[in-house]
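The values are calculated or read from the model by the stated rules, or taken from the named source; none is laboratory data. Here the structure is a predicted model, which is why all the values come from computation and not from measurement. Cβ placement follows ideal geometry from the backbone for every residue including glycine, while neighbour counts extend to all protein chains displayed.
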């Protein structure tokens, strides 16, 4: 539902700003999840903010990372004279698979701390860890120089 909006907003505000918003929503939703069940209103009502907070970063992260990688690949090709698009997307796929494998290894270990109704500390710790990882990812994104890359990409596409 948000995909067309993401496309329009990225043209207006830039991909980096939308990714920053995505990370902020993601971090807020992870922190909020860590308090779920302890809040003074019904479980159903506790889900509504998660649906809203999660839909926006899902739409943004479903579109923009690949677009940013494509921009970086075009920029690199304009600088080096070599097309390495496959390398860029290969590295992204490797890192995605590495992150997935790492989470498959770590999550059960963290959940062993507590994954029941009586002891849910493992579940709460896991979402806090996810928020910290998202925060580190946000810091890495802040180093991305979108203006430099897109100015060269736009100049290349005008040719």
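Okay, here's what the table says:
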read-out: Residues of the range 32-57 satisfying the condition of being in a helix (DSSP H, G or I), closer than 17 Å to residue 117 by Cα and touching a helix residue (DSSP H, G or I) at 6+ places or on another chain (Cβ under 6 Å); value: 33, 34
read-out: So residue 140, is it at pLDDT 90 or above and under 20 Å from residue 36 (Cβ atoms); value: no
read-out: From the options 59, 130, 134, 67, residue that is closer than 23 Å to residue 9 by Cβ and touching a residue at least 60 places away in the same chain (Cβ under 8 Å); value: 134
read-out: Inter-residue pairs, beta-carbon under 6 Å, first without any contact (Cβ under 8 Å) to a residue 24 or more places away in the chain and in the range 96-116, second surrounded by 12 or more Cβ atoms within 10 Å (Cβ to Cβ) and not in a helix (DSSP H, G or I), 6+ apart; value: 114/120
read-out: Residue in the range 11-20 that is more than 22 Å from residue 145 (Cβ to Cβ), within 12 Å of the chain's Cα centre (by Cα) and crowded, with 18+ Cβ neighbours inside 10 Å present; value: no
